[in-house]
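Data first, discussion second: the structure below is written as structure tokens.
FYI, it's all coordinate maths here, none of it is from the lab. Note that this is a predicted model, so its numbers are computed, not measured. Reconstructed Cβ throughout: ideal geometry from the backbone, glycine too, with neighbour counts over all protein chains shown.
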Amino acid sequence: MNRVPIGTKSGLVYKMTIENKQFDTVIGLEVHLQLKTQSKIFCGCANNFGAEANSQVCPVCLGLPGSLPVLNKKVLEYAVKIGLALNCKINSYIKFDRKNYYYPDLPKAYQISQYDFPVCYQGFVLVPQESSTVKKVGITRAHIEEDAGKLIHDNENNCSLVDYNRTGTPLLEIVTEPDLRSAQEAYDYLQILKLTLQYLDVSDCDMEKGSLRCDANISIRPVGETKLGVKTELKNMNSFRAVKAALTFEENRQTQVVKAGGKITQETRLWDEAKQMSITMRSKEEAHDYRYFPDPDLTPFQVDSSVIEQIRKSLPELPVDKWERIKKEYGLNDYDAWILVSSPEIAAFFEECAKLHTNYKNICNWISGSLMQEINSRKLSLGDLRITPRRLVELILKAEDGTLSNLVAKDVFRYALETDKSIDEIIQEKGLAQVSDSVTLEKIVDEIITQNENAVRQIKNGDEKPLGFLVGQAMKKTQGKANPKKIGEILKRRIIDA
Amino acid sequence: MISEKDVKYAASLSRIHLSDEEAKPLTKDLEKILHYVEKLQKLDVSKVEPTSHVLPIKNVYREDKVRSSLSQEEALKIAVEKIKGSYKVPKVIE
Ligand SMILES: [Zn+2]
């Protein structure tokens, strides 16, 4: 990869030559994560997605005069849990502040957030790189805040509609240091972060539904320069791929501007997914002045160190640790182990299988191949399928001992997803057992030999290439049930040794 | 020193429109208020713990329990204008 064309809008094609790189890229990310609690952050309204508009609101989350917000204990617990998983320090003094701004989706005209005493600070995430090195990404802070309502633009009636169901949904904002050096690194960090959060089971992490949102800050500077350049902020990306595309676009745009002798202006840019480009949303002159001050409605908080230790002990094994352990314990390579770790359920499923059978590589192949394919193509989760570790291992054993050809084993696997019948029952019922008895196979080979004179002659003349073709013909004749190894042996004996 | 420009900026942050006639006396008032704050700032508070809450309490939580919300009809009673189960506001484009 050297020349990468990016956006072609307004007649411009941004290109970058990577070999003679003149600029370093500096990226920091802000992730807003909706926490999966039962109720909202400061009131008892249900915290779930998809209810009828304005049916999950109360005087507290509508910000009506006289109402008093009270912190949901679970929110603080989740924040501490996430902070510990991200190697953060937990503040001994935690307080909430009001961030003031006017917007119709914010009923109180301030958002309850945290300014100078966030729950978590000074952490880091280790991101495995393709070159089998590890990138350490600093976490500046992670703080609790409340989500705003949802605005829907109604062109027909020339107005906007506000649904306040989302106000008061608990959020954790996770801010990185400007440690990322490319769009790819940002993407990799997001993958690890999401996976970690999924292991912690604290959020749905669904970017399409908005339960995980990501904004990015990016600047460039000449190679060797230590001072940061002027940054732009990128918003409105609704997938990790979009984050990567937006960062790549912006990296190239800034490079073009600077190379042409221009200056970068500090601004916020909105990513347009359809056009694959970003446009200016607001420049610094219009930047917000939030006038933070302590929220007198909420008391300060202090999490006892005994409670922090208790939460630390309750943390599950995290993805990178699990990855290292699975590699070592089962002798799998980086790639295979990573696929297993890419979902906590899949990893657990694998380890259950591994208790029943020791051909770990083969188990891994079945899981990362057939099983993941079905999960992805059916858009289901592992729990929706009827396959259990025991039944998968039964199937693998049948394939390993030759009862089933690999091809047929895959069919049996698909049946096994839809029924609770044992693997033996499925094989019997569907008549799928591999044909290995010699009388039947000899008869099939007879037919193949008479029907393919040319190929047979070629083999007799010393060219063994058509053997594979003949085996294929036998497999076809038996709908894949013939034992291909035995067919090959019989063919050789009958044609060559004859 | 507070200028009329500062007052107008503060007003704009609060979405308040001030005419020049209104801004002038407000500038003087604000100046006086800040003068008073200046006096407070001269106090020696080096021995006083900073506080962000008026009462000496901490850790006031609620358990993560769902309670019933208002109905949509009740929630929209306070709306100046409503449409399709939502609060209707002037078109916002960012
Ligand atoms: Zn509420």
Item to check | Free-standing Cys, chain A [no other Cys Cβ under 4.7 Å] | outcome: A:Cys43, A:Cys45, A:Cys58, A:Cys61, A:Cys159, A:Cys205, A:Cys214, A:Cys353, A:Cys364
Item to check | Added length on full extension, which subtracts the Cα-Cα distance from 0.36 nm per residue, A:Tyr103 to A:Gln191 | outcome: 28.5 nm
Checklist entry - Could you give the radius of gyration (one decimal) and Dmax (whole number) of the Cα atoms in the range A:2-312, in Å? => result 20.4, 63
Checklist outcome for this item: Mean other chain Cβ within 10 Å across B:75-86 is 5
Checklist entry - For the range B:33-51 and the range A:447-498, what is the separation of their C-alpha centers, rounded to whole Å? => result 97
Next on the checklist: Whole-Hz ³J(HN,Hα) for each residue in the range A:375-388, computed from phi via Karplus 6.51 cos²θ - 1.76 cosθ + 1.60 with θ = phi - 60°, x for glycine and proline: what do you get?
Outcome noted: 4, 5, 6, 8, 6, 10, 9, 3, x, 7, 8, 8, 6, 10
Checklist outcome for this item: Per-residue ellipticity at 222 nm attributable to helices in chain A (runs of n ≥ 4 DSSP H, -39500 (n - 2.57) apiece, nearest 500 deg cm²/dmol) works out to -11500 deg cm²/dmol
Next on the checklist: For peptide A:294-303, what's the mean number of Cβ atoms from other chains within 10 Å of each residue's Cβ?
Outcome noted: 4
Checklist entry - Which cross-chain or sequence-distant (5 or more) residues have an amide H under 5 Å from the amide H of A:Phe23, H modelled 1.01 Å from N in plane? => result A:Val223
Checklist outcome for this item: Nearest-0.05 FRET efficiency for A:Asp201 and A:Thr280 at R0 = 41 Å, using Cβ-Cβ distance, is 0.55
Checklist entry - Short version: ³J(HN,Hα) in whole Hz for each residue of the range A:129-137, in order, from phi by Karplus 6.51 cos²θ - 1.76 cosθ + 1.60 (θ = phi - 60°), x for Gly and Pro, what are they? => result 9, 4, 7, 6, 9, 10, 9, 9, 10
Next on the checklist: Whole-Hz ³J(HN,Hα) for each residue in the range A:274-280, computed from phi via Karplus 6.51 cos²θ - 1.76 cosθ + 1.60 with θ = phi - 60°, x for glycine and proline: what do you get?
Outcome noted: 5, 8, 6, 8, 10, 10, 4
Checklist entry - Just how far, in whole angstrom, is the range A:339-412 from the range A:66-115 if you go by their alpha carbon centroids? => result 43
Next on the checklist: Applying a 10 Å radius around every beta-carbon, put A:57-65, A:161-169, A:299-307 in order of their mean neighbour count, most first.
Outcome noted: A:161-169, A:57-65, A:299-307
Next on the checklist: Taking loop as defined by DSSP and a crowding limit of 14 other beta carbons within 10 Å, which trypsin sites (Lys or Arg not before Pro) in the range B:8-50 fit?
Outcome noted: B:Arg15, B:Lys42, B:Lys47
Item to check | Label point 7 Å beyond Cα of B:Leu40 along Cβ direction - residues of the range A:293-317 with amide nitrogen under 13 Å | outcome: A:294
Item to check | Residues with amide H under 5 Å from that of A:Cys88, placed H, sequence gap 5 or more | outcome: A:Phe124
Checklist entry - Whose amide H sits under 5 Å from the amide H of A:Lys135, counting only residues 5 or more places off or on another chain, with H placed in the peptide plane? => result A:Val127, A:Gln129
Checklist entry - Separation of the range A:153-168 and the range A:213-227 by C-alpha centroid, Å? => result 35
Checklist entry - Cα-Cα pairs above 27 Å in the range A:66-220: how many percent? => result 32
Checklist entry - In nm, to one decimal, how far is the A:Asn158 label point from the A:Phe469 one, both placed 7 Å along Cα→Cβ? => result 7.5
Checklist entry - Which length gain, in nm to one decimal place, applies between A:Glu273 and A:Glu374 when the Cα-Cα distance is subtracted from 0.36 nm times their residue separation? => result 33.5 nm
Next on the checklist: What would the Debye equation give as log₁₀ I(q)/I(0) for the range A:343-430 at q = 0.16, 0.19, 0.22 Å⁻¹, counting only Cα atoms as equal point scatterers?
Outcome noted: -0.57, -0.82, -1.12
Next on the checklist: For the protein assembly as shown, I need the span (max minus min coordinate) of the C-alpha atoms along each principal axis, in Å, sorted largest to smallest.
Outcome noted: 116, 59, 56
Checklist entry - Can you work out the FRET efficiency for the pair B:Val80 and A:Phe49, with r the C-beta to C-beta distance and R0 = 25 Å, to the nearest 0.05? => result 0.35
Next on the checklist: As an exercise, use a Förster radius of 35 Å and the Cβ-Cβ distance of A:Ser381 and A:Val223 to find the FRET efficiency, rounded to the nearest 0.05.
Outcome noted: 0.15
Checklist outcome for this item: Ignoring GluC sites (Glu not before Pro) buried by more than 10 other Cβ within 10 Å or outside DSSP loops, the longest site-free run in chain A is A:209-498
Checklist entry - Which residues in the range A:471-495 place their backbone N less than 14 Å from a point set 7 Å from the Cα of A:Lys460 along the Cα-to-Cβ direction? => result A:494-495
Checklist entry - the range A:216-259: which trypsin sites (Lys or Arg not before Pro) are DSSP loop and have at most 10 other beta-carbon atoms within 10 angstrom? => result A:Lys227
